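Visitor: Following this message is one structure expressed as structure tokens.
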Amino acid sequence: MEIIYASIGFFALAALLGMYLLTFVLRGKETPKAIVFTHGPMAVIGVVLLIIYILKGGPNPWESLVLFALAAVGGVYMLYRDLTGRPIPKALAVGHGLLAVCGFVLLLVFAFS
Amino acid sequence: METQSFWEATTPHRPEFPALDGNIDVDVAIIGGGITGITTALQLTNAGKKVAVLEARRVGGGTTGWSTGNLYVPVGFYLHNIARSRNQEVASTVARARYAALDYIEQQTREKNIDCHFSRRPWYFFTQEDNMVSTVEKEVETLQKAGLRADLVNDVPPLHLPELKRAAKMDGQARFHPLRYVLGLATAVAQQGCQIYEHTTVLDLKEKEDHCLLVTSHGVVTCRQVVIATHIPIGIHSVQTVAAPYRSYVVAMRLKSGAYPDAYFWHNDKTHHAITTHSSTSMELDMLMIAGNHHKTGQASHQEYQHYFNELEAYARKHFDVASVEFRWSAQHYRSGDGVPYIGLTHKSAKRTYIATGFYADGLTYGTIAGIQLADMITGRGNSWIGAFDATRGTNLATAGSFIKENLNVAAQYLKDFPVGKASHFSDIKAGEGKTIEVDAEKLAVYRDEQNQLHVCSAVCTHMKCIVNFNNAEKTWDCPCHGSRFMLDGSVIEGPAILNLERKQVDPQTEHLINTGGHTSGEREINNPIT
Ligand SMILES: Cc1cc2nc3c(=O)[nH]c(=O)nc-3n(C[C@H](O)[C@H](O)[C@H](O)COP(=O)(O)OP(=O)(O)OC[C@H]3O[C@@H](n4cnc5c(N)ncnc54)[C@H](O)[C@@H]3O)c2cc1C
């Protein structure tokens with residue numbers, strides 16, 4: 001069970017950084033790359049821990065994993081656009097965040113109910 | 001002292017080439033008018049191709065015109081290291097190709113009667129330290145294995161150094177004036193029908209099924225093949241993960257005695273110094289140059305870049321009777337993962353786009369090799385060098401270490417883009433100083449000139465969005481990630497970036513950005529081409 005709490009911890013940190021990044025995207029400002037390159041790896045560690053937890057068997061929050069995986073695809077695409085000089089669509093940034101938040105809420109419900 | 005290249009200062013008659021005006025259709029378009037681009041153009045024009053050279057600034061005005069004008073077979077990475085990272089056969093091919101390129105340059109200067117002071121002379125490689133002895137010996141051995149004549153010697157005659165631990169000599173190397181040479185070639189090839197356009201920046205390029213399209217600042221070029229001869233491919237290219245950018249420094253001096261040694265020397269101890277001599281106007285030697293002190297672009301370990309010049313000057317004064325320092329300049333070189341340049345088709349799936357990069361500071365010869373080889377590839381003639389220089393070869397086990405090191409270094413530069421801890425007032429910036437500061441959640445590159453005027457641009461590099469750093473020797477903004485460099489007004493000088501830094505306006509009273517209604521950051525009409 002500890003693994004899932006660690007995963008929640010990393011997702012929580014990723015979420016905080018993600019909200020901060022969103023404020024830049026919504027204002028049409030350049031995202032600070034130190035935050036971008038911390039946010040992504042935090043979320044990846046969260047996903048890896050979640051996968052390890054699920055692979056151990058028993059009841060698992062697979063819906064969360066699906067939502068995080070979709071959010072990750074959006075994140076990688078936004079990073080690609082950002083670094084190659086293409087604007088980040090604001091709707092995509094918000095959608096990415098919403099998917100991740102939904103995944104996070106489901107994960108919390110699973111872990112604490 | 002302002003930085004200025006000796007070669008630029010000693011080229012009195014510079015031919016002018018027009019800017020492109022409208023759309024054209026050619027067999028081959030060459031991006032970049034340095035030694036690589038112009039040699040390629042010459043070879044292709046000789047082979048009957050319709051060729052256009054598109055140069056963003058002036059022909060020869062890139063690194064070619066800011067080098068040190070030495071032509072030699074050995075290489076900075078050392079041939080014996082290439083034998084280790086690849087194999088002896090590749091090392092031998094590299095050595096023999098460089099030998100052939102040297103002959104080629106001599107032949108061109110003769111045939112075209114180019115007044116570029118070409119002259120053969122020896123290369124010496126010596127050390128005063130025990131732990132470098134085997135390096136000198138191995139280099140001689142590798143040259144000999146390649147079938148070339150190099151010898152271990154007991155003295156470096158013109159210098160007569162005390163405590164010489166090991167020295168090597170190779171005869172038949174050469175010096176020349178690289179800018180005059182390239183301009184001479186360009187003039188000749190233009191007379192043969194090659195179209196050369198200056199002040200024409202390539203902004204975008206695309207390889208299609210049966211042609212390539214280049215969007216420039218002055219028109220569209222349609223062609224069958226394209227050669228990216230911009231020293232490092234412009235736009236975003238996977239080779240940028242291995243071809244790391246380094247700056248190195250040159251100081252040119254006159255000697256009281258007038259006794260300029262007629263040879264090229266590598267003095268490689270813990271620090272490396274290259275010693276060379278050249279002539280300003282006639283064949284008579286009248287200038288001593290010391291080069292060295294490289295560091296990754298935008299990542300100087302000394303806040304004061306002048307330190308690098310001062311150190312070279314001090315070295316010169318220790319070994320020579322220096323009368324005066326005449327010129328100081330610095331220039332950029334790009335390394336390669338395994339020490340061998342990348343010359344050939346840009347990707348495994350590419351059919352029409354070629355690159356040439358990763359020359360270290362040995363690229364006057366490598367650029368010539370690239371010109372010969374790329375023309376042979378495009379015209380379908382065979383060339384025995386292609387395998388050794390294959391640009392699609394990727395990273396092997398022997399080079400994985402340097403690949404990881406360089407890319408961790410780039411990641412570390414991104415991690416410095418933290419939104420806190422920066423000076424955030426324009427008043428913190430003194431006259432003659434440049435700083436990156438944060439205003440209204442934007443990183444700005446701000447320079448205050450001696451007249452107290454502020455020059456403000458976005459500090460976000462237009463290549464891959466690292467934050468640029470101020471270079472206080474050359475008064476430029478240098479990107480620490482992939483080596484793009486920009487002038488104080490934000491315009492691109494060199495490197496993979498294509499677009500200028502975005503100019504910003506600031507209200508001096510409120511110290512806030514004035515919304516000019518332009519693009520918000522990250523939004524541009526032209527995106528980085530993936531080349
Ligand atoms: C300090 C120093 C000393 C050196 N000394 C020597 C030496 O003694 N011997 C030696 O063999 N090598 C030396 N080198 C290396 C050598 O100078 C270079 O490798 C060589 O000049 C590279 O030539 P190039 O034609 O490939 O690039 P460049 O000469 O840099 O030419 C590239 C051109 O492309 C143009 N360009 C860039 N972007 C665009 C665009 N978007 N559109 C159109 N044009 C564009 C640029 O304006 C430039 O003119 C030295 C290097 C350094 C740093």
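The values are calculated or read from the model by the stated rules, or taken from the named source; none is laboratory data. Just so we're clear, the structure is a prediction, and the values are computed from it rather than from any experiment. Cβ placement follows ideal geometry from the backbone for every residue including glycine, while neighbour counts extend to all protein chains displayed. Heads up: the accessible areas ignore ligands, DNA and RNA and are worked out on the full protein's heavy atoms, side chains in. Shrake-Rupley method; radii C 1.70, N 1.55, O 1.52, S 1.80 Å.
Visitor: Return the unpartnered cysteines for chain B, using a Cβ-Cβ cut-off of under 4.7 Å.
Guide: Here B:C116, B:C194, B:C212, B:C223, B:C457 come out as lacking a disulfide-compatible partner, given the Cβ-Cβ threshold of under 4.7 Å.
Visitor: Name the residues of region A:26-73 whose accessible area, probed at 1.4 Å, falls by at least 40 Å² once all protein chains are in place instead of their chain on its own?
Guide: With the partner chains in place, region A:26-73 has these residues losing at least 40 Å²: A:G28, A:K29, A:E30, A:K33, A:A34, A:F37.
Visitor: Working out 0.36 nm times the residue gap between B:D321 and B:S424, then minus their Cα-Cα distance, what length gain in nm do you get to one decimal? Spell out each step's value before the answer.
Guide: Values: separation 103, 0.36 × 103 = 37.08 nm, distance 4.73 nm.
Residue separation times 0.36 nm, minus the Cα-Cα distance, leaves 32.4 nm.
Visitor: Once you compute Rg and the Kirkwood Rh from C-alpha atoms, what is the Rg to Rh ratio for region B:72-202?
Guide: Details: Rg = 18.3 Å, Rh = 16.9 Å.
Answer for region B:72-202: 1.08.
Visitor: Per residue, how many Å² of accessible area does region B:426-513 show with a 1.4 Å probe? Write down the numbers at each step before the final one.
Guide: Numbers: 3180 Å² over 88 residues.
Ligands and nucleic acids excluded, the figure is 36 Å² per residue.
Visitor: Right, next: List the extent of the Cα atoms of chain B along each of their three principal axes, largest first, rounded to whole Å.
Guide: 69, 55, 49
Visitor: Modelled label-to-label distance, B:R120 and B:A411, 7 Å Cα→beta-carbon offset: nm?
Guide: 5.1
Visitor: Expressed as a fraction of 2.2 N^0.38 Å, the rule-of-thumb size for a compact globular protein of N residues, what is the C-alpha radius of gyration of region B:229-281? Mind showing how you got there, number by number?
Guide: On the way: Rg = 17.1 Å, N = 53, 2.2 N^0.38 = 9.9 Å.
That works out to 1.72 for region B:229-281.
Visitor: Can you give me the relative contact order of chain A as a percent, contacts being Cα pairs under 8 Å and 6 or more apart?
Guide: Working: 106 pairs, mean separation 37.1, N = 113.
Once normalised by length, the contact order is 33 percent.
Visitor: I'd like the accessible area for B:H160, computed on protein heavy atoms only with a 1.4 Å probe and all protein chains in place. Round to 10 Å², please.
Guide: Near enough 120 Å² of accessible area.
Visitor: Helix by helix through chain B, keep the DSSP H runs that span 30 Å or more along the axis on Cα and average at least -1.0 on Kyte-Doolittle, and give those back in order. Each step should come with its number before you reach the end.
Guide: On the way: long enough: B:88-111 (34 Å, -0.71).
Membrane-span-like by this rule: B:88-111.
Visitor: Let me ask something else about it. For region A:19-92, just run the numbers: alpha carbon Rg, then divide by 2.2 N^0.38 Å, N being how many residues it has. List each step's numbers first, then the result.
Guide: Values: Rg = 14.4 Å, N = 74, 2.2 N^0.38 = 11.3 Å.
Rg over 2.2 N^0.38 Å, computed on Cα atoms: 1.28.
Visitor: While we're on this one: What do you get when you divide the Cα radius of gyration of the protein assembly as shown by 2.2 N^0.38 Å, with N the number of residues?
Guide: Details: Rg = 26.7 Å, N = 644, 2.2 N^0.38 = 25.7 Å.
This ratio for the protein assembly as shown stands at 1.04.
Visitor: About the Cα centre of chain A, what is the dipole size in debye to 20, counting +1 per Lys and Arg Cβ and -1 per Asp and Glu Cβ, all else neutral?
Guide: 360
Visitor: Something else now. When the chain is fully extended, how far beyond the present Cα-Cα distance does B:Q128 get from B:H272, taking 0.36 nm per residue of separation?
Guide: 50.7 nm
Visitor: Related question: Quick check: net charge around B:R58, other residues with Cβ under 12 Å of its Cβ, Lys/Arg +1 and Asp/Glu -1?
Guide: Values: positive: B:R14, B:R57; negative: B:E8, B:E16, B:E55, B:E198.
With Lys, Arg at +1 and Asp, Glu at -1, the neighbours total -2.
Visitor: Also: For the pairs A:K90/B:K296; A:K29/B:K475; A:K90/B:K348; B:K50/B:K351; B:K296/B:K465, flag any whose C-alpha to C-alpha distance is greater than 28 Å. Walk me through the intermediate numbers first.
Guide: On the way: A:K90/B:K296 36 Å; A:K29/B:K475 26 Å; A:K90/B:K348 35 Å; B:K50/B:K351 18 Å; B:K296/B:K465 17 Å.
Beyond 28 Å between Cα atoms: A:K90/B:K296; A:K90/B:K348.
Visitor: Report, as an integer, the average count of C-beta atoms from other chains found within 10 Å of each Cβ along A:84-90. Walk me through the intermediate numbers first.
Guide: Details: counts 9, 17, 5, 7, 2, 0, 0.
Partner Cβ neighbours, averaged per residue: 6.
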